[in-house]
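Before any comments, here is the structure.
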Amino acid sequence: MLTDMREHLGRALFHRVAGPDGPVNRARIHGTPGARWFGPDRPIRTVHGDASMFIGGISALLLQSLHPLAMAAVAAHSGYRGDPWGRLQRTSTFLAVTTYGTAEDAQGAVDHVRAIHDRIRGRTADGSAYHAADSHLLGWVHAAQTESFLRAHQHYGAHPLDTAACDAYVADTARIAESLGVTDPPRDLRGLTDSLATYRPELRATAEARAAARFLLLQPPLPLMARPFYAGLAANAVALLPSWARSMLLLPRVPVLEDLAVRPAGQALTRTIRWAMTPPPRPHTD
C-alpha cells in the first residue's frame with residue numbers, strides 16, 4: 001500500500017516537472033555513454049538533483065522578475081501564463097541535460113536556447129529596449145537563479161554543502177552561464193554576492209513583476225486538492241527571498257509564523273518529495 005502510494009506520487013511529480021517525454025529524456029540523459037561537463041562528485045549534481053529545487057525554482061522566478069527588462073521579456077515571450085507547465089518542463093529538461101547529460105547533448109541544449117534568445121527582442125512599457133541574448137541581462141538571470149537554488153539547498157537539501165562546496169557549486173554553474181553568453185559570471189560565493197549587489201540599482205517591481213508574483217503564489221494552474229501542497233512550497237520560496245526583494249514585491253515577513261510553521265512545513269514537504277521520487281530499495285533475493 002505504502003509502496004504503491006510512493007510510486008504513484010513519484011510518477012505524478014515527475015510527470016509535472018519533466019512532461020510526457022520525461023522517461024525518454026531521463027533514459028537518454030543518464031544512459032548515453034560519453035564525457036560529461038560535470039563528474040559524479042561535483043556539487044552541481046547534488047544541488048540540482050535534490051527536492052529542494054521545487055522551492056528554489058519558485059524563489060528564483062520571483063527574484064528574477066525584479067529586473068524590468070528580464071520581466072518584460074518573460075511577459076511578452078515566455079508564455080508562462082498560457083503554458084506554465086510546458087515552460088517548467090523545458091527548463092527542468094535543460095537543467096538536467098546540462099548537469100547530467102553528455103557534453104555533446106549539453107552543448108546542443110545550450111545552442112538551442114541561445115538561438116531562441118537571439119530572436120527575443122522588444123521594448124518595455126516605458127520604451128526601454130531589451131534583447132534576451134544581452135550578456136548583462138543573462139548575468140542577472142544566472143545570478144538570481146544560482147543564489148535561489150543554493151539558498152534553497154542549504155535550507156532544505158538532504159545534504160547541505162560546506163563553504164568550499166558552495167564555492168564549487170557557483171563555479172560549476174558558471175560553466176553553463178558562460179556557454180549561454182554570460183561574460184565573467186561569478187565563480188564563488190563572494191563573487192555571487194558581489195554580482196547580486198551590482199544589479200540592485202537596476203531592480204524594481206514593475207506591474208508585470210507583481211502580476212507574475214500573484215500568478216505564482218495565488219493562482220497556480222493546479223487542481224484544488226494540490227493547492228495546499230503547492231502553497232507550502234510557495235510560502236517557503238517567499239521566505240527564502242532576500243528582505244529587499246520581498247519589500248519590492250510587497251511580500252511581508254512574519255518571523256514567528258515563518259519560524260514555527262512555514263519552514264517546518266518546507267522541511268516536511270521536501271522530505272516527502274524526496275521520498276516519493278527516490279525509487280524504493282529492491283527486496284533482496286536469495
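The values are calculated or read from the model by the stated rules, or taken from the named source; none is laboratory data. Predicted model only: the values in this text are computed from it and were never measured. Neighbour counts are summed over all protein chains in view; Cβ atoms, including those assigned to glycine, are modelled from backbone coordinates with ideal geometry. Just so you know, the surface numbers come from the protein's heavy atoms only, side chains and all, with ligands and any DNA or RNA stripped out. Shrake-Rupley method; radii C 1.70, N 1.55, O 1.52, S 1.80 Å.
Numbers for the structure displayed
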item: Kirkwood-based shape ratio for region 210-270, expressed as Rg/Rh from alpha carbons; result: 0.97
item: Estimated D of region 149-286 in µm² per second, where Rh is the Kirkwood radius over Cα pairs and Stokes-Einstein applies at 20 °C, 1.002 mPa s; result: 121 µm²/s
item: Region 24-167, relative contact order [Cα under 8 Å, separation at least 6], %; result: 39 percent
item: Of GLY49, GLY157, GLY266, the one that fluctuates the most in a GNM where the chain has Cα springs shorter than 10 Å; result: GLY49
item: Dimensionless Rg ratio for region 1-55, taking C-alpha atoms and the 2.2 N^0.38 Å reference; result: 1.35
item: Whole-Å semi-axes of the chain's equivalent ellipsoid (Cα gyration tensor); result: 29, 24, 19
item: Total charge dipole magnitude, region 89-158, about the Cα centre, Cβ charges on Lys, Arg, Asp, Glu only, Debye to nearest 20; result: 200 debye
item: Accessible-area composition of region 78-147, carbon plus sulfur, in percent [1.4 Å probe]; result: 53 percent
item: For region 13-162, the Rg and Dmax computed from alpha carbons only, in angstrom; result: 15.9, 50
item: Hydrodynamic radius of region 73-198 per Kirkwood, over alpha carbon pairs, in Å; result: 15.8 Å
item: Difference of contour (0.36 nm per residue) and Cα-Cα distance, ARG11 to MET225; result: 75.3 nm
item: Probe 1.4 Å, accessible area per residue of region 198-238, Å²; result: 54 Å²
item: Point-to-point label distance, ALA27-THR272, nm (Cα→Cβ direction, 7 Å offset); result: 3.1 nm
item: Backbone HN-Hα couplings from phi across region 189-195 [Karplus 6.51/-1.76/1.60, Hz, Gly and Pro as x]; result: 4, 4, x, 5, 4, 5, 5
item: Amide H contacts of LEU66 (H built 1.01 Å from N, under 5 Å, at least 5 apart or other chain); result: none
item: Most positive-pole-ward Cα, ALA60, ALA164, LEU233, against dipole of the chain from beta carbon charges; result: LEU233
item: Nearest-20 debye value, the chain charge dipole, Cβ charges on Lys, Arg, Asp, Glu; result: 680 debye
item: CD proxy at 222 nm, helix term only [per DSSP H run n ≥ 4: -39500 (n - 2.57); per residue of the chain; nearest 500]; result: -21000 deg cm²/dmol
item: Directionally averaged shadow of region 49-95, computed from the convex hull of its alpha-carbon atoms, nm²; result: 3.5 nm²
